[in-house]
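> Encoded as structure tokens, here's the structure I'll be asking about.
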Amino acid sequence: MSEKKEKFTYWLDPSLVDEMSNMLSEANATSKGEFVRQSIKFYIAYIRQNKSIDFLSPLLASTIKTQVESVEQNISEMLFKFAVEQGMTNHITAATNEISDKEMDDLRRMCATTIASTNGVIEFEDAYKFQKGDY
């Protein structure tokens, strides 16, 4: 529903009025009054948006920081548990196998190469096949 328009008088620089007249078609305005109304609405929306950003930015930053800290905590706990399990596996393997220093170095190099080429994904089945000579 359209409000009843009222007439107001404002002082403007003549150069600004000339520029407004030249921009009427680009603004899709049929008159200087319509151009001014569109400009004022645009500027009000711009100011409101900046206030919203100023209000929301710290809130968003705080929320994101909290989420990242939570994920970081979960990953740290999972890595710790994984390291404990891996340490146990290493000790069991070392206790039940006799491996020379050269074999250990060769195995480390092979594992590093494999992990680098598979982006850290090593399937147990692939390691089993390799150890059995099926690979």
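The values are calculated or read from the model by the stated rules, or taken from the named source; none is laboratory data. Note that this is a predicted model, so its numbers are computed, not measured. Glycine also receives a Cβ, built like all others from the backbone with ideal geometry; neighbour counts cover every protein chain displayed.
> With respect to the numbered conditions (1) among the hydroxyl-bearing types (Ser, Thr, Tyr); (2) modelled with pLDDT of 90 or more; (3) within 35 Å of the chain's Cα centre (by Cα); (4) within 30 Å of Gln131 (Cα to Cα), which one is the sole condition not fulfilled by Thr114?
Result: Thr114 passes all but (2).
> Being closer than 30 Å to Gln131 by Cα, free of Cβ contacts under 8 Å to residues at least 24 places away in the same chain and within 40 Å of the chain's Cα centre (by Cα) is the requirement here; does Thr96 meet it?
For Thr96, the condition - closer than 30 Å to Gln131 by Cα, free of Cβ contacts under 8 Å to residues at least 24 places away in the same chain and within 40 Å of the chain's Cα centre (by Cα) - is not met.
> Would you check which residues across the range 1-27 are surrounded by 10 or more Cβ atoms within 10 Å (Cβ to Cβ) and either among the hydroxyl-bearing types (Ser, Thr, Tyr) or part of a loop (DSSP other than H, G, I, E, B) (or both) and list them?
Listed by number, the residues that qualify are Leu12, Ser21, Leu24, Ala27.
> Right, here's the next one. Given the condition assigned to a helix (DSSP H, G or I), in contact (Cβ under 8 Å) with a residue 12 or more places away in the chain, over 37 Å from the mean Cα position of the chain (by Cα) and surrounded by 10 or more Cβ atoms within 10 Å (Cβ to Cβ), answer yes or no: does some residue in the range 36-52 qualify?
Looking through the range 36-52, at least one residue is assigned to a helix (DSSP H, G or I), in contact (Cβ under 8 Å) with a residue 12 or more places away in the chain, over 37 Å from the mean Cα position of the chain (by Cα) and surrounded by 10 or more Cβ atoms within 10 Å (Cβ to Cβ).
> Please go through the range 99-111 and give me each residue that is assigned to a helix (DSSP H, G or I) and closer than 15 Å to Gln131 by Cα, ordered by number.
Within the range 99-111, Glu103, Met104, Asp106, Leu107, Arg108, Met110, Cys111 qualify.
> How do the pairs read when you match residues in the range 1-21 that are in the same structural domain as Ile40 (by TED's automatic domain parsing) with residues anywhere that are part of a loop (DSSP other than H, G, I, E, B) and not small (Gly, Ala, Ser), using Cβ under 9 Å and keeping only pairs 6 or more apart or on different chains?
What qualifies is Met20/Leu12.
> Take Ile44 and decide whether it is more than 30 Å from Val17 (Cα to Cα) and either touching a strand residue (DSSP E or B) at 6+ places or on another chain (Cβ under 7 Å) or of a type in the set (Val, Ile, Thr) (or both). Before you say what the answer is, go through the steps one by one.
On the way: more than 30 Å from Val17 (Cα to Cα): no; either touching a strand residue (DSSP E or B) at 6+ places or on another chain (Cβ under 7 Å) or of a type in the set (Val, Ile, Thr) (or both): yes.
In short, no.
> Looking at the range 56-64, can you tell me whether even one residue there is in a helix (DSSP H, G or I), exposed (fewer than 10 other Cβ atoms within 10 Å of the Cβ) and under 26 Å from the mean Cα position of the chain (by Cα)? Walk me through how you get there before you give the answer.
Applying the first criterion (in a helix (DSSP H, G or I)) to the range 56-64 yields 56-64.
Of the ones still in play, those that are also exposed (fewer than 10 other Cβ atoms within 10 Å of the Cβ) are 58-59.
Going one step further and asking which of them are under 26 Å from the mean Cα position of the chain (by Cα), we end up with 58-59.
There is at least one residue in the range 56-64 that is in a helix (DSSP H, G or I), exposed (fewer than 10 other Cβ atoms within 10 Å of the Cβ) and under 26 Å from the mean Cα position of the chain (by Cα).
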